[in-house]
Amino acid sequence: MKHETEGRIPLRDLLVFHDLTRSLTSSFDLDTVLRTILEHMEGIIDAELWTLLMLDEEKQELYYALAAGGEQAALRDLRVKVGEGIAGWVVEHGETLIVPESAEDPRLNKEDGVTQRRVRSVIAMPLLGRKGTHGVIEIYNPRAEQMTDYTIAFLHILADHAAIAIENARDVTRIQQLTITDDTTGLYNVRSLYEVLGRELERSVRDGLPLSLAFLDLDRFKLVNDMHGHLVGSELLSRTGERLKELSRKHDWCFRYGGDEFVILMPETGAEAGLDQVNKVLRALTETSFEMKNGLTLNVSASVGLATAPVDGETIHAVIGIADTRMYAVKSNGRGKVRGA
């Protein structure tokens, strides 16, 4: 990229900018956005190594989301603390850091991900958006003649647009998550249940695999709201949902059906295995003491109906209907148990 002495942006650079912005706005998938950023910036300046680090805000550390130059595998599991090394400094201060070849900078010695590579110079730019710093782009050992003010300014413009694209991708992901999860418990909602159950039933029929569904209704939950108020009731529902997810197997799905009703979907699980698993879940749930924020200690019990496809049906409404009917049969005969076929 040549220095433009007349103050005009060369057509080639305008085309690069146009191509990048068009690519960034054509997808809201974060991985695609990150790969697009790195691919386009590689074409702007020659360097031995490019890395794109993303910030894990909860842990306050950076991880290598992408790397060019055959370094992806070596850097995949490495982490950089905020404040440490080049990338950590950039995130901490929210500023670009440029270390030319002639400079001696102690931060270069703290770049764990590139210790085996001889680092002579580096350009590290923050991905700054409206909501803060999302990550860092690092350019190692760029050609000295390319490190002009014009090139750096152009990279800044592209980094700014990249940060906006990252925020947009994350916002879309959050919106999508809100449409499939329940606000109170964080579990998947009934809309997700119908989608996942439909997909799993198709797989069950196609591959000849059993599929079990447990329908849980908390016993006398209305008394919690009446005695302690709806805030405590909502907190208990949330804690119950978390506990059900903890007690379920990794490949099972947990949903809040509505009110004080929950569903556990168990792929590749027959009636006998499903009954055994749900009994274990119910027993552990009943034995759990929930410490509420107001100091109360509460317990829950549930009545559960179990249905298994294809024996009890091969459609969404048939499977849910059978499980629901069996749950109400438990309600009518003492509560706090599981009923299968």
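Tabulated results
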{"read-out": "Test: residue in the range 188-197 that is farther than 19 Å from His251 by Cβ and open to solvent by 80 Å² or more (accessible area, probe 1.4 Å)", "value": "yes"}
{"read-out": "Residues located in the range 299-317, provided they are buried (at least 18 other Cβ atoms within 10 Å of the Cβ) and of a type in the set (D, E, K, R)", "value": "Asp312"}
{"read-out": "Residue in the range 237-253 that is on the phi > 0 side of the Ramachandran plot and either out of contact with any helix residue (DSSP H, G or I) (no Cβ under 9 Å at 6 or more places or on another chain) or in contact (Cβ under 8 Å) with a residue 12 or more places away in the chain (or both) present", "value": "no"}
{"read-out": "Candidate set from the range 28-56 (those that are assigned to a loop (DSSP other than H, G, I, E, B) and in contact (Cβ under 8 Å) with a residue 60 or more places away in the chain); member that is nearest to the chain's Cα centre (by Cα)", "value": "Asp29"}
{"read-out": "Yes/no for Leu296 being under 29 Å from Met227 (Cα atoms), open to solvent by 40 Å² or more (accessible area, probe 1.4 Å) and touching a residue at least 24 places away in the same chain (Cβ under 8 Å)", "value": "yes"}
{"read-out": "Odd one out for Thr151, checked against (1) part of a loop (DSSP other than H, G, I, E, B); (2) closer than 28 Å to Leu55 by Cβ; (3) more than 27 Å from the chain's Cα centre (by Cα)", "value": "(1)"}
{"read-out": "The range 48-60, residues that are surrounded by fewer than 17 Cβ atoms within 10 Å (Cβ to Cβ) and among the charged types (D, E, K, R)", "value": "Asp56, Glu57, Glu58, Lys59"}
{"read-out": "Residue count for the range 318-338, restricted to those that are surrounded by 21 or more Cβ atoms within 10 Å (Cβ to Cβ) and more than 19 Å from Lys280 (Cα to Cα)", "value": "3"}
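The values are calculated or read from the model by the stated rules, or taken from the named source; none is laboratory data. The model shown is predicted, which means the values in this text are computed figures rather than measured ones. Virtual Cβ from ideal backbone geometry, glycine too; neighbours counted across all protein chains shown. Just the protein is used for accessible areas: all its heavy atoms, side chains included, with ligands, DNA and RNA removed. Shrake-Rupley method; radii C 1.70, N 1.55, O 1.52, S 1.80 Å.
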